[in-house]
1. If you go through segment 131-163 one residue at a time, how many are over 18 Å from the mean Cα position of the chain (by Cα) and at pLDDT 95 or above?
2. Name, by its number, the condition in (1) out of contact with any strand residue (DSSP E or B) (no Cβ under 8 Å at 6 or more places or on another chain); (2) assigned to a helix (DSSP H, G or I); (3) surrounded by 13 or more Cβ atoms within 10 Å (Cβ to Cβ) that does not hold for LEU334.
3. Between residues in segment 145-167 that are open to solvent by 10 Å² or more (accessible area, probe 1.4 Å) and residues that are part of a loop (DSSP other than H, G, I, E, B) and among the charged types (D, E, K, R), which pairs lie under 6 Å by C-beta distance while being six or more apart or on different chains?
4. Checking THR268 against (1) at pLDDT below 95; (2) open to solvent by less than 40 Å² (accessible area, probe 1.4 Å); (3) under 26 Å from SER195 (Cβ atoms): exactly one of these is not met. Which one?
5. Considering segment 40-56 alone, what residues qualify as being open to solvent by 10 Å² or more (accessible area, probe 1.4 Å) and closer than 26 Å to ARG96 by Cα?
6. Taking segment 270-297, which residues are outside any strand (DSSP E or B), closer than 18 Å to ALA242 by Cα and of a type outside the set (S, T, N, Q)?
7. Taking SER123, is it within 27 Å of PRO229 (Cβ to Cβ) and of a type in the set (Ser, Thr, Tyr)?
8. From LEU252, LEU192, grab the single residue that is touching a residue at least 12 places away in the same chain (Cβ under 8 Å), closer than 27 Å to LEU145 by Cα and either assigned to a loop (DSSP other than H, G, I, E, B) or open to solvent by 20 Å² or more (accessible area, probe 1.4 Å) (or both).
Amino acid sequence: MASPQRQGSLQDLNICLPRTLFLLALLGGVSSHKECLILQSAEGSTVSCHGPTEFPSSLPADTVHLSVEFSNLTELPAAALQGCPGLRELHLSSNRLQELSPGLLAPVPRLRVLDLTRNALRSLPPGLFRTSAALRTLVLRENQLRAVSARWLQGLHALGHLDLAENGLRSLPAGLLSSLGALHTLDLGHNLLESLPEGLLKGPRQLQRLHLEGNRLRRLGDGLLAPQPSLRVLFLNDNQLAAVAAGSFRGLKQLDMLDLSNNSLSSTPAGLWGFLGRPTRDMQDGFDISHNPWVCDKDLVDLYRWLDANRHKMFSQNDTRCAGPEAVRGRRLLDVAELGSL
C-alpha cells in the first residue's frame, strides 16, 4: 500500500505574481550558482536547494517554504533559521543529518511542515518542539531511530500527521502519543515491532489512518484500537499475525479499509467480523485477507457468513485460498465460504 504523500506542494502557495526565478547565490552563502533558487509570490519566498555543500547562510526574510535536500549535510547551524520567522515548511530530506540543535526551531513558531526523511538521526533533543505549536506534519521516516520518547513530541498540540516508518523501531512507550490530541494519521510501518503497548493509542482524539504494516506483530489484542472509534484506514499487512482477539475491531464503525494480507492467520474467533462492514454499513475502500494459511473448516463459519455479505469489497479474491484441510487445499476461500455459509 502506498505510503502517505508529502504535503505542501508549490501549488499550495497560491502564487499571484509572475513566476520569476532568482538565484539564491545573489544573497551569498552558497557555493554554486546552480544550487538554490527563489520563487517569489504574494505569500512569500520559496527557496529550493538541491545538493548544496553547506546550508545557505542568508535567506530572504519572507521565506515561507525552504527545501535543502539531496546533499551530504551532517549538521545544521544552531541559528540556521534565525532570519526567516515566517517559515511554514521545512524540507530537509535525503541528507546525512545526525543530530539537531535543541533550539533549531525556536525562531520559526509558524512552522507547519517538517520533513526529515532519509537522514541519519538516532534521537531528537528534548525541547526541540517547544515553540512548534503550529506544526501539523512531522516526517521522520528512514532515519536510525531505534527508540522514541514521548518527551520528544511535547508541545505538538496541532500535529495531525506523524511518520516514524522505516526506522528499525523494536518497541514503543505506552504514552508516546499522550500529548497528540489532534493526530489523525500515524505511520509506524516497516519497523521491527513485535508487540504494541495496550495504551499506545490513548491521546489522539480522532485517529483516522493507522499504518502498522511491515512489522513483526504476532497478535492483535482487544484493547489496542478501542480508543479510536473514528479510525477509517488500518494497515496490518506483512506482519506475523497468528491471532486476532475477538474484540479487536469492536467499535470501529467507521472503518472503510482493512489490510490483513501476508500474515499467519489460519482462523479467526467468532464475533470478530461482526463489527465491520455489512449489514451495518459498507467498507467504502475494501479489505484484503489474502496470503494467509487459512484452515477452511467449521471454525471459519463466522468468517464465511461475513464474506458472503461483503465479498463485493474484497481485494485479491484469487489469492485468498485455503491451506487446509487437505480436501480443500488450494481452493479459493470464497468458493468454500459459499458452501460453508449455507
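The values are calculated or read from the model by the stated rules, or taken from the named source; none is laboratory data. Since this is a predicted model, take the numbers as computed values, not measurements. Counting neighbours? That spans all protein chains shown, and the Cβs are built from the backbone with ideal geometry, glycine included. All accessible areas refer to the heavy atoms of the entire protein, side chains included, with ligands and DNA or RNA removed. Shrake-Rupley method; radii C 1.70, N 1.55, O 1.52, S 1.80 Å.
1. Of the residues in segment 131-163, 4 are over 18 Å from the mean Cα position of the chain (by Cα) and at pLDDT 95 or above.
2. (1)
3. From residues that are open to solvent by 10 Å² or more (accessible area, probe 1.4 Å), the pairs are GLY155/ARG130; ALA158/ARG136; GLU166/ARG141; GLU166/GLU142.
4. Failing condition for THR268: (1).
5. Matches in segment 40-56: SER48, HIS50, GLY51, THR53, GLU54, PHE55.
6. ALA270, GLY271, LEU272, TRP273, ILE289, HIS291, PRO293, CYS296, ASP297
7. no
8. After ruling out the rest, the residue left standing is LEU192.
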